[in-house]
Structure formats: structure tokens, C-alpha cells
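What follows draws every value from the coordinates through simple rules; no lab data is involved. Every value quoted in this text rests on a predicted model; they were computed, and no experiment measured them. Using ideal geometry, Cβ is built from the backbone for each residue, glycine included, and neighbour counts are taken over all protein chains shown.
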Amino acid sequence: MPKLVVQNLASRQVFVAQGQTLLKALQAEGIDWMHACGGKGRCTTCRIIVREGLQHFGPLTAAETRYRNNGRLQDNERLTCQCTLENGDAVGVVPNQTKLPHLTYTA
Ligand code: FES
């Protein structure tokens, strides 16, 4: 099963089942992650900055394509409520703008 490592959350490891979104996998591990619109693809607060393994993600969804085209989702970012991890591992970080106040983030 593909694995996501969240570098600035003490390198927590999350296994992502086939077809499962990253957000669901993070939540299943008990990791709080901002998702202001409730995972409906209508905000960008759930995004993750991908540092390794971008090629292992599933294709951009329609919502991700919309935000990518209007400049609100960078080439190295994905929306965790939309994306899946399909054929390999990945490493990412929580963006500074969406860090939750009650969590302690590492470098
Ligand atoms: S939670 Fe709003 S787009 Fe993912």
C-alpha cells in the first residue's frame, strides 16, 4: 500500500488504500488536517505541498484542475480531499498558511 510521509508533522507515516483520498487516510490515522469546505473541492485549505513522489499521485480531479488553472494550486501541490496515491510513496508538508493552531509542526 502506498505510503505518505508528512515531513513537518514529525514525519508521520500514513498508508493510503487504493481509491482512498489522502484526507481520508490522514483522518484514519487520527491526524487533524484543515479542510474548510468539508472535502468538497471548494476551497484549497486541504492542500499539501509535495516534496517527493508527485508522479505517484492519481490524475488531477476537475476541482484540482480548476484551481491549477486559476493559479491557486501550484504545480507541486495537491488537494488532499481530492487526490489519491496510486503507484508509489510520497513525501509532503503542510503549508504554513493552513497549519492548525493546536498542533505542533516540525521543520
Ligand atoms: S477541503 Fe476544501 S478543497 Fe479539500
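Any idea what the relative contact order of the chain is, in percent, if you count C-alpha pairs under 8 Å spaced at least 6 apart?
Details: 205 pairs, mean separation 42.3, N = 107.
After rounding, I find 40 percent.
A simple spin-label model places pseudo-atoms 7 Å from Cα toward Cβ; at R42 and Q55 they are separated by 3.7 nm. The aspartates and glutamates within cross-link reach of K99, meaning a Cα-to-Cα straight distance under 18 Å and a gap of 8 or more places when in the same chain, are E29, D32, E77.
For the listed peptides 73-82, 33-42, 96-105, 47-56, a ranking on the average number of other beta carbons within 10 Å per residue, highest first, reads 73-82, 47-56, 33-42, 96-105.
Put simply, the amide H of N8, placed in the peptide plane, has neighbours under 5 Å in V94, leaving out anything fewer than 5 places away on its chain. In angstrom, the C-alpha Rg and Dmax of the chain are 12.4, 33. Between N70 and Q20, the simple label model (points 7 Å from Cα in the Cβ direction) yields a spacing of 3.2 nm.
In this label model, E29 and T106 are separated by 1.2 nm, measuring between points 7 Å along each Cα→Cβ vector.
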